[in-house]
Structures are given as structure tokens and as C-alpha cells.
Amino acid sequence: VKEGSLVPRFGRARRDDALAVLEGLHAVKHAMRFGAEIELAVTDDAARLEALAERLAPDIAPALAAIVREVEPGLFAALAPMPPPTGVLAIAARRAYDPAAILSGERHAPVVVLENPRDLGNVGACIRVAAAAGAAGLISLGGHDLWHPDAVRGAAGLHYALPVARVQELPDDARPLLALDPDGEELDASELDARSILVFGTERDGLSPELLARAGRRLAIPMRAGVSSLNLATSVSAVLFSWRLSRPR
Ligand SMILES: C[S@@+](CC[C@H](N)C(=O)[O-])C[C@H]1O[C@@H](n2cnc3c(N)ncnc32)[C@H](O)[C@@H]1O
């Protein structure tokens, strides 16, 4: 790869819906750990990155050192709108997931559905927590690209650990829907069915009347009086970890 071609190559990768741009060691680490095909990885300081990877991600450190290419700091800074302080950027093939397979529910774990999420950092945080809690997958009903570099950075690259997909509409024969809504009945985690689809609303307006009407139940995470709602990713976290912690070990 010629140095001069790196700026256009990263620019094209950001617009290519078959590719993911990974910004920072956290995202690169998870992508490599969960089997992503890395096409290209660059750093502004190979020795510093190697030391950091040895400390924070020793399992992938040798493989990263073998593929990463050092470039001038000025060139590195031109490859991302906000160059990551960990000093590594990569391009990898996205993983294609089948939304029907996610929703059909082979896995005995809930699926998270986000209705029209607006904030890519929030989307990434939802993917990260859903992967950590062991959810079966995450579906977005919205216009955003789940693989946008900001969402990948927010998810710390855990798109490679959790099936994620975008659909226009939920099919009618999907698993039972549970709506998470601050005005619902109080959530009892021990009653959460592992085969349910947990539906979360958009940041400002919450769930649409259509999805509320389709859901079997509306459940609320109890909050102190006067607090109107939790942040979207925080509420996904509260529900998934209450499910996980209430499962028999
Ligand atoms: C920032 S909130 C939306 C707030 C919106 N004004 C409303 O009343 O739903 C985004 C989503 O997080 C979930 N959420 C936030 N707080 C919740 C709570 N206490 N109980 C259940 N779901 C909650 C809901 O799915 C909500 O649609």
C-alpha cells in the first residue's frame, strides 16, 4: 500500500457498506478477538502501540504487531476526523448477519430492538452492553448505519461478537414483544422470558404508538420520583443485566 493512497482508501472505506473502519485499540482488539478479517491496520507509533497492546490486549498483541504498518503522524491524523489516542486505525470486512435468523431465536437469550435510535454513540453503547450481557442480537428499526465508525467506536468493535442488523419493520411472526416504557408496569426480572424481544424507543419520544400496541406488555425500570427516564443505552443495560443476574447459574 502506497502512503499516498491511504487517505483516499480510508475515505472510500467510510462510504463502503461492505467495510468497517475501526478507530482505536479497543475496537481493533475486539474485532480481531472475534475473528474479523483485517484488511489494513496503521499506527503513528508502532513501539508505543505494541507496548499498549501487550498491556491491554496480550492475546491479540503479536497478531496486531505482525500486520500493523507505521505511518507519519501527520498522515495518521488525516485518516480519521478524530484520530484515536491509542494510535491505531484499521479497515476490516463487515460481518453480514441475517435479521430473520436473529429474530427466529435459536439462542435462548433476548433480542434487543431499537426503534429509530438517533445517536450513534448510544447505538454503539447498546451493542456493547448487549454483547456483554449475552443477548441473542440487536435489531435497529431506523435509518442509521449500525456499522458507522462512530457506532463501531461506541461498541468497542463488538459488532463482531453480537449479530446486528437493520430492518424496516418487525415481521409479525417474531418472538413475543415486550415494550420498555417508563409508563409501564414495574419490571420483575425473574419473569423476563429469555425468548422475548425487548423493544426500546427513540431517545426523545420513546416508543411509537404502533409498537406499543403490538407489544404484549409494557415494562418500566423503576426510578426515583421526579426522574422521567433513563438514557437509551443505560436502560438496555439495566434490563439485560437484570435478566442475566436473575438467571439460574
Ligand atoms: C430516553 S428514553 C425516551 C424517553 C421518552 N420521553 C419516553 O417517555 O419514553 C429512550 C428509551 O429508553 C427506555 N427507557 C428509558 N427509561 C426507562 C424506564 N425507566 N423504564 C423502561 N424503559 C425506559 C425506553 O424504551 C425509552 O423509549
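General observations
- Dividing the helix sum by the residues of the chain, where each DSSP H run of 4 or more adds -39500 (n - 2.57), gives a mean residue ellipticity at 222 nm of -10000 deg cm²/dmol.
- Efficiency of FRET from Cβ geometry, Ala213 and Asp59, R₀ 51 Å, rounded to 0.05: 0.60
- Take every DSSP beta bridge whose two residues both sit in the chain; close to 30 percent of them are antiparallel.
- Between the helical axis of 6-15 and the longest alpha-carbon principal axis of the chain there is an angle of about 20 degrees.
- Separation in nanometres of the label points that stand 7 Å from Cα toward Cβ, at Arg224 and Glu3: 5.5
- For the range 166-249, the antiparallel share of DSSP beta bridges with both residues in that region comes to about 10%.
- Charge tally for Thr43 (other residues, Cβ to Cβ under 13 Å; Lys, Arg +1; Asp, Glu -1): -4.
- When the range 1-91 is reduced to its Cα atoms, the Kirkwood hydrodynamic radius in Å: 13.0
- Per residue convex hull volume, Cα atoms of the range 63-152, in Å³: 135
- Potential lengthening between Asp193 and Thr234 on full extension [0.36 nm per residue; Cα-Cα distance subtracted]: 12.7 nm
- Once the Cα-Cα distance is subtracted from the 0.36 nm per residue extended length, the Ser242 to Arg33 segment shows a gain of 72.6 nm.
- If the convex hull is drawn through the Cα atoms of the range 98-219, its volume per residue in Å³: 98
- Compared with the direct C-alpha span, the chain from Gln168 to Arg15 gains 53.0 nm at full extension, assuming 0.36 nm per residue.
- The chain: translational diffusion in µm²/s, Stokes-Einstein, Kirkwood Rh over Cα pairs, 4 °C, 1.567 mPa s: 68
- Degrees between helix 232-246 axis and first principal axis of the chain (Cα, 0 to 90, nearest 10): 70
- Computed log10 I(q)/I(0) for the range 50-91 at 0.17, 0.30 Å⁻¹: -0.50, -1.11, from the Debye equation with unit scatterers placed on every C-alpha and solvent omitted.
- Whole-number Å³ per residue for the convex hull built on Cα positions in the range 159-241: 123
Every read-out reported here was derived from the displayed coordinates using simple, explicitly stated rules and does not represent laboratory data. Keep in mind the model is a prediction, meaning the values are calculated, not measured. Cβ sites come from the backbone with ideal geometry, for glycine too, and all protein chains shown count toward neighbours.
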